[in-house]
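Presented below is the structure to which this report refers.
The values are calculated or read from the model by the stated rules, or taken from the named source; none is laboratory data. A quick note: this is a predicted structure, and the numbers were derived from the prediction, not measured. Cβ placement follows ideal geometry from the backbone for every residue including glycine, while neighbour counts extend to all protein chains displayed. Ligands, DNA and RNA are stripped out before the accessible areas are found, and what is left, the full protein with its side chains, is counted by its heavy atoms. Shrake-Rupley method; radii C 1.70, N 1.55, O 1.52, S 1.80 Å.
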Amino acid sequence: VQLQASGGGLVQAGGSLRLSCAASGSISNINGMGWYRQAPGKERELVARIAVDGSTNYADSVKGRFTISRDNAKNTVSLQMSSLKPEDTAVYSCKADRRVWPFVSWGQGTLVTVSS
């Protein structure tokens, strides 16, 4: 599975951004997809994940502000981010969990910078 992320950029606090992750290749083996982020000096953390059955889970820090969704026709998972805060600044990466080896695929990161 190949993942292509897009949509990062610079935004003021309170603003919105939409990240997209397009999957190609053996997408039928995907169990779920998620967005992770890593801020400078911090460990990578899960932001949001959507399973193959459509169920979602979010980090507490983004609940109510971020929404993960998928477009099966376009093989794309998106992350709508609203009410952005400076602490949301990080490199965001999408990840696919697969049923077969390799069990994980990562896309390239996209930088989100939120200015105060």
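One residue stands out among those in the stretch 23-44 that are closer than 14 Å to Ala90 by Cα and surrounded by 14 or more Cβ atoms within 10 Å (Cβ to Cβ): the one that is nearest to the chain's Cα centre (by Cα), which is Trp35.
In the stretch 56-76, the count of residues that are within 23 Å of Pro102 (Cβ to Cβ), assigned to a strand (DSSP E or B), touching a Cys at 6+ places or on another chain (Cβ under 9 Å) and polar (S, T, N, Q) is one or more.
For Val52, the requirement of being β-branched (Val, Ile, Thr), farther than 15 Å from Gly9 by Cα and open to solvent by 60 Å² or more (accessible area, probe 1.4 Å) is met.
Out of all the residues in the stretch 93-104, is one or more open to solvent by 60 Å² or more (accessible area, probe 1.4 Å), outside any loop (DSSP other than H, G, I, E, B) and among the acidic types (Asp, Glu)? Taking every residue of the stretch 93-104 in turn, none turns out to be open to solvent by 60 Å² or more (accessible area, probe 1.4 Å), outside any loop (DSSP other than H, G, I, E, B) and among the acidic types (Asp, Glu). Restricting attention to the stretch 22-44, the residues being not aromatic (Phe, Trp, Tyr) and not in a loop (DSSP other than H, G, I, E, B) number 13. For the stretch 62-116, a tally of residues being touching a Phe, Trp or Tyr at 6+ places or on another chain (Cβ under 7 Å) and among the aliphatic types (A, V, I, L, M) returns 4. Screening the stretch 1-21 for residues that are assigned to a strand (DSSP E or B) and open to solvent by 40 Å² or more (accessible area, probe 1.4 Å) and picking the one that is farthest from Ala90 (Cα to Cα) gives Gln2.
Taking the criterion of being touching a residue at least 60 places away in the same chain (Cβ under 8 Å), closer than 17 Å to Ser16 by Cα and not β-branched (Val, Ile, Thr), would at least one residue in the stretch 99-107 satisfy it? There is no residue in the stretch 99-107 that is touching a residue at least 60 places away in the same chain (Cβ under 8 Å), closer than 17 Å to Ser16 by Cα and not β-branched (Val, Ile, Thr).
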